[in-house]
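Remarks on the structure that follows.
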Amino acid sequence: MKKSYYAAAALGLIVVGAGAWWFSQRADANSVQYRTAKIERGSLQATVSASGAVNPVTQVSVGTQVSGQIRDLYVDFNSEVKAGQLIAQIDPETFEYRVRSAQADVDAARAATMTQQAALAKAKVDADELQRDFERKTRLVAQQFIAASEAEKAQALARSGAENVKLVAAQLQSALANVAQRESSLAQARIDLSRTRITSPVNGIVIKRAIEKGQTVAASLQSPELFVIAQNLQDMQVDASIDESDIGRIRTGQKATFTVDAFPGQTFEGQIRQVRKAAQNVANVVTYVAVVGFSNTGGRLLPGMTANVRVVTDSRESVLKVPNAALRMRIAGVEPVQASASGAARSGSAASTGQLRGGFFIAQALAQGGPGGGAALRDRLVGELQLNADQQAKLDAVFAEMRPRFAATRELPEEQRRAARDQAMSEMRQKITAFLTAAQKTQYQRLQEQGEATRSAGAAPPVAAPASAAAPQPGSVATKEIANRVMSESATPVTVASVPARTEAAATTSATVAAASGVPAPSAVPAAPGTAATAAAPGGGALAEFRNRLVAELQLTAAQVEKVDAIYAEARPRFGQLRDLSAEERPKARDRITADVRARIGDLLTPEQKLKYAALVAESAGRSNTRGRIYLLDVQGKPKAYNVRLGITDGTSTELLVSPNDPQANELKEGASVIIGTVGGTGSGNKPAAGGPRMPF
C-alpha cells in the first residue's frame with residue numbers, strides 16, 4: 001500500500017514539474033527580445049555595380065579585299081607593328097598575270113588609236129581634194145566648158161568626203177575611250193596586286209592572328225579577319241553593362257573602381273568617359289554600355305579580362321545612417337503616432353487638430369493622395385481612433401470611393417467648390433461613422449469639434465483654392481516631387497492653419513521650379529543677398545540645402561546671390577501659369593521655362609562656376625528621397641514606430657534625413673537604438689504564437 005502511495009506521489013510530482021516547465025517555456029516563447037543597432041553618423045557612398053570586359057580604346061580588325069593563298073607571315077601574337085609595315089603576303093602570281101594581261105590590252109588599244117589617227121589624216125586629205133575638184137568644175141560650168149551635171153557630181157563627192165572625216169574622227173574618239181578603259185583595268189589590276197601585301201593601318205600590337213601560312217582566304221561580301229591590332233595598351237577602357245534601372249544615375253566624369261580576377265585584392269581606378277545611348281537587349285534584360293577609361297600603366301591588364309566595376313554615383317559626409325535591416329523590420333500592431341511624412345509638428349492644439357479641422361485638409365489630402373496626403377490622414381485616424389483591421393479596410397474603401405469626388409471639386413467654379421466639398425465631406429463623415437463603435441464615434445466627434453474650435457478661435461481661414469490649383473496634376477512626377485521634397489522636408493512645422501494661401505502657392509511654385517529643372521529655388525522668403533550660406537531662406541529641406549550648396553560651392557558673390565534670388569522670383573509666376581495649360585502643353589512649357597532659368601543663372605557665373613553648376617544640376621536631378629519606417633525602443637523597452645525620410649544607400653546602411661527642427665529630431669539622433677530583428681519568440685508578431693515544447697507524455 002505504502003509503495004503504491006509513494007509511486008502515485010512521485011508520479012504527481014513529475015506531472016506538476018513537467019507542467020510548470022512547459023508553461024515557463026511557453027511564456028519564454030511568447031516574450032519578444034529585439035536585436036538592436038545604433039544610429040550612426042558617418043559617410044555614405046551610393047554605388048552602381050556592373051561587369052564588363054577590358055578592351056583597348058582603339059583596336060583595328062585587319063582583313064583582305066582579295067582572295068588567295070597566304071604565302072608569307074611576318075608577324076605573330078604580341079608583335080609590335082608600325083603603320084604601313086608589311087605583316088602578311090598573299091600569293092601575287094595570279095594578280096601579276098592579270099596586270100600583264102591588262103597592260104597588253106592597253107598597248108593594243110593604243111595601237112588601234114594610232115591607226116585611227118592615220119585614217120583621220122587620210123580622210124582629211126581626200127576631203128580637201130574632193131573640195132578642190134568641186135570648185136574647179138564649178139568654174140568650168142560657168143564658162144560652159146563642161147556640163148552642169150559634172151559639177152553636181154563633184155559637189156556630192158566633196159560632201160561625202162567631209163562626212164567621212166567626221167566618221168573617222170568619231171572612230172578615233174572611240175579608240176581613245178577604249179585606251180582609257182584599258183588603262184583603268186590596268187590600274188585595278190595593279191591595285192589588286194598591291195592588296196596582296198597586308199600592311200598594318202596603325203601603330204600598335206598584334207593581339208590576334210587568325211591565319212596560318214598556306215591558308216587560303218576568300219574575300220566575298222565580308223572581308224575575312226586576319227589580324228586584330230590594338231593601337232595602345234597603355235590607355236584602355238572597360239565596357240561595363242549597366243542595368244536600365246541604374247543608368248539614370250550614371251554620368252560622364254564619375255569616378256569608378258574595378259577589380260579583375262587576375263589580380264585579387266587590387267583595385268584599379270578609372271573614370272566614366274561615355275554613356276552610350278544604344279540599348280542592348282539580351283534575354284529581355286536591357287542594359288546600356290558605360291565606358292570606363294583608365295591608364296594601364298605597365299600593361300598588366302590584358303584585353304578581354306572580366307572587370308567587376310563599381311561606380312560611385314553619390315556620396316554624403318557626416319550624415320545619420322541606419323542599417324538596412326532596420327528598414328525591413330515590421331512589427332504588427334505598432335504604428336507611428338503621427339506620420340512624419342506629413343511634415344507637421346505634433347505640439348500645440350493648432351498643430352494637433354489643424355490637420356483634421358474643417359473639410360479643407362481632408363479634401364486636399366484625399367485629392368492629392370501619396371505619402372504626404374491621404375496616407376498621413378489615414379495614419380492619424382487609425383492612431384487616434386485605434387481602428388482594428390476590419391475597420392481599417394473599410395476606411396481604405398471609403399477613401400478610395402471619395403478621392404475622385406474630392407478631386408472633381410477642383411474643376412468647379414469658386415462659388416460652387418465650397419458647397420460641393422462640404423457635401424462630399426458630410427457624406428464621408430457619415431460613412432466613417434457607420435463602422436465605428438460608440439467610443440470611437442465619441443472620439444471622432446471630439447476631433448471634429450476641436451478642429452472647428454481651432455478654426456473659430458482665430459486660425460487662418462481655409463485656402464480658397466485647392467493646393468493642386470498651383471501644382472501639377474495628381475499622380476504626376478512633379479506632384480510627388482513637391483510632396484516628398486518640399487512640403488514634407490520643411491524644417492518648420494507646416495499646417496493648413498498656419499500657412500496663408502499666398503505663401504503656400506509661392507512654396508508650391510518654388511517646388512515646381514526645383515522639380516522641373518533640377519535647380520531648387522529659394523523658399524518663399526529669399527535670404528538677404530550677401531548673407532552666409534547658413535542664413536538661407538527658412539524652411540530647410542532639399543531646397544535650402546541646394547541653395548546653400550550653390551552659394552558655398554560656387555562661392556557666389558553678394559551681387560550674384562541677389563541676381564539668383566531675383567531670377568527665382570521672376571520664374572515663380574511663370575510656373576504658376578502652367579496650371580492654366582492643358583496636360584499636353586504643360587511639360588513643354590515647363591521645359592522652356594526651365595531652360596530659360598538655367599541659361600539666366602549660367603550667364604551670371606564665371607567659366608569655373610559654370611562647370612560646377614552643371615555638375616550640381618546633374619547631381620540634384622539624380623537624387624531622390626524615399627520613405628520608410630523604423631522602430632526604436634522607448635524608455636520602457638517597447639518598440640515605437642517612426643515614418644522617416646531616406647536618402648542614398650550603400651547596400652548596407654541608408655541615409656536618414658532628419659531636419660534640425662523636426663519634432664522627432666530629439667529621438668532620431670546619433671546613438672539611438674533601432675530594432676533590426678528579433679531573438680526567439682514570435683518576432684514581429686506576424687507568425688503564429690508558439691505552442692511551447694511538446695509534452696513528453
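Rounded to the nearest 0.05, what FRET efficiency do E411 and R41 have when you use their Cβ-Cβ distance and R0 = 51 Å? Please report the intermediate quantities before stating the final value.
Numbers: r = 48 Å, r/R0 = 0.95.
After rounding to 0.05, the efficiency reads 0.60.
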Can you give me the long-range amide H partners of T654? Hydrogens built in the peptide plane at 1.01 Å from N, cutoff under 5 Å, separation of 5 or more residues or another chain.
V322, N324
Here segment 641-646 yields Karplus 3J(HN,Hα) values (6.51, -1.76, 1.60; θ = phi - 60°; whole Hz; Gly and Pro given as x) of 8, 9, 8, 10, 9, 10
Between T58 and A558, take the C-beta separation as r, use R0 = 30 Å, and let me know the FRET efficiency to the nearest 0.05.
0.05
Assign unit charges at the C-beta atoms only (+1 for Lys and Arg, -1 for Asp and Glu), then state the dipole size of segment 626-679 relative to its Cα centre in Debye, rounded to the nearest 20.
220 debye
Accessible-area composition of segment 151-273, carbon plus sulfur, in percent [1.4 Å probe]:
48 percent
Can you compute the charge dipole magnitude of segment 149-216 about its Cα centre, using +1 on each Lys and Arg Cβ and -1 on each Asp and Glu Cβ, nothing else charged? Give it in debye, rounded to the nearest 20.
640 debye
Residue by residue through segment 240-253, which ³J(HN,Hα) values in whole Hz follow from phi under the Karplus form 6.51 cos²θ - 1.76 cosθ + 1.60 (θ = phi - 60°), with glycine and proline marked x?
8, 8, 9, 5, 4, 6, 10, 5, x, 9, 8, 9, 5, x
Length released on extending from T652 to A169, taking residue separation times 0.36 nm less the Cα-Cα span:
164.7 nm
Dipole of segment 587-676, Cα-centred, from +1 at each Lys and Arg C-beta and -1 at each Asp and Glu C-beta, to the nearest 20 debye?
400 debye
Figure the gain on full extension for Q280 and A583 (residue separation times 0.36 nm, minus the Cα-Cα span) and round it to one decimal in nm.
105.8 nm
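Considering Cα pairs under 8 angstrom that are at least six residues apart, work out the relative contact order of segment 579-678 and quote it in whole percent.
Once divided by the residue count of segment 579-678, the mean separation gives 17 percent.
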Picking from L157, V75, P92, whose Cα lies most toward the positive end of the charge dipole for segment 44-176 (charges on Cβ: Lys, Arg +1; Asp, Glu -1)?
L157
hull vol. (C-alpha, convex hull) per residue for segment 103-221, Å³ -> 158 Å³
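What number, in percent, do you get for the relative contact order of segment 139-230 if the mean sequence gap of Cα pairs under 8 Å and at least 6 apart is divided by its residue count?
Relative contact order, segment 139-230: 19 percent.
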Which order, highest average first, do 65-75, 408-418 follow once you tally other Cβ atoms within 10 Å for each residue and take the mean per peptide?
65-75, 408-418
Check M236: other-chain or 5+ apart residues with amide H under 5 Å from its amide H, H built from backbone geometry?
F294, N296
For segment 29-101, dividing by residue count, accessible area per residue (probe 1.4 Å) in Å² works out to 55 Å²
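In what sequence, highest mean first, do 147-153, 377-383 appear when ranked by Cβ atoms within 10 angstrom?
377-383, 147-153
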Whole-Hz ³J(HN,Hα) from phi, Karplus 6.51 cos²θ - 1.76 cosθ + 1.60, for segment 409-425, glycine and proline x
5, 5, 7, 7, x, 4, 6, 9, 5, 5, 5, 5, 5, 5, 5, 5, 5
Can you tell me the length gained on complete extension of the stretch F435 to Q85, counting 0.36 nm per residue apart and subtracting the Cα distance?
117.0 nm
I'd like the FRET efficiency for D396 and A18, computed as 1/(1 + (r/R0)^6) with the beta carbon distance as r and R0 of 41 Å, rounded to 0.05.
0.30
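The values are calculated or read from the model by the stated rules, or taken from the named source; none is laboratory data. Since the structure is predicted, the reported quantities are computational estimates derived from the model, not experimental observations. So basically every Cβ, Gly included, is an ideal-geometry build from the backbone, and we count neighbours across all protein chains shown. Quick note on the areas: whole protein, heavy atoms, side chains included, nothing else; ligands and nucleic acids left out. Shrake-Rupley method; radii C 1.70, N 1.55, O 1.52, S 1.80 Å.
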